[in-house]
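Structure first, commentary second.
Every read-out reported here was derived from the displayed coordinates using simple, explicitly stated rules and does not represent laboratory data. Keep in mind that what you see is a predicted model, and the values were worked out from it rather than measured. Here the Cβ is made from the backbone with ideal geometry for all residues, glycine too, and neighbour counts use every protein chain on show.
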């Protein structure tokens with residue numbers, strides 16, 4: 001599954017999702033009514049297609065992309081333990097893994113401390129678990145959206 005196919009899969013599978021594109025990357029946001037102000041448009045998943053944010057995933061390889069998913073704290077820690085906090089001189093978190101591995105669920109190189117995970121070129125080994133993780137991330141984003149709307153509604 002390439003980056004465009006992954007984007008289409010997420011848009012077709014999960015309701016209320018908007019895809020914002022910038023610099024060849026895709027930011028998937030839960031905004032079913034299209035009314036989130038820009039400062040609230042936080043993605044629950046992203047698809048990064050190049051090395052413009054970091055080079056540790058080696059996205060300069062032909063066809064390489066990285067799917068990033070924001071998880072709940074409970075799910076992240078269940079899979080990886082406490083999130084890392086130490087960073088190198090480039091701001092990359094000390095995860096202890098090779099971030100360029102393909103088709104392997106890994107802590108995100110920059111956002112693992114915020115409970116994000118990633119997969120470079122998801123395929124057979126990771127696609128089944130990614131559906132579950134994307135569903136959880138989508139549901140979490142939907143809860144945050146509903147809470148935001150409830151706070152904005154007059155009492």
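Odds and ends about this structure:
- Exposure proxy ranking, count of Cβ atoms within 10 Å, fewest first, for 149, 66: 149, 66
- From the alpha carbon centroid of the range 53-117 to that of the range 1-52 is 18 Å.
- Note on residue 40 and residue 9: their simple-model spin labels are 3.1 nm apart, each label 7 Å out from Cα toward Cβ.
- Based on alpha carbons, the Rg and Dmax found for the range 3-152 are 15.0, 45 Å.
- Shape category assigned to the range 2-81 from the gyration tensor of Cα positions, a/c cut at 1.5: oblate
- At 1.567 mPa s and 4 °C, Stokes diffusion of the range 106-155 via Kirkwood alpha-carbon radius, µm² per second: 100
- Angle between the chain longest axis and helix 3-13 axis [Cα atoms, degrees, rounded to 10]: 30
- Taking 7 Å steps out from each Cα toward its Cβ at residue 22 and residue 61 produces label points 2.8 nm apart.
- The long axis of helix 127-152 is offset from the longest Cα principal axis of the chain by roughly 40 degrees.
- Over the range 3-152, relative contact order from alpha-carbon pairs under 8 Å, at least 6 apart, %: 20
- Point-to-point label distance, residue 86-residue 144, nm (Cα→Cβ direction, 7 Å offset): 2.9
- The chain, helix-only ellipticity at 222 nm - DSSP H runs n ≥ 4, -39,500 (n - 2.57), divided by all residues, nearest 500: -9500 deg cm²/dmol
- Placing a label point 7 Å from the Cα of residue 127 along the Cα-to-Cβ line, the residues of the range 1-19 whose backbone N sits under 12 Å from it are 1-2, 5-6, 9.
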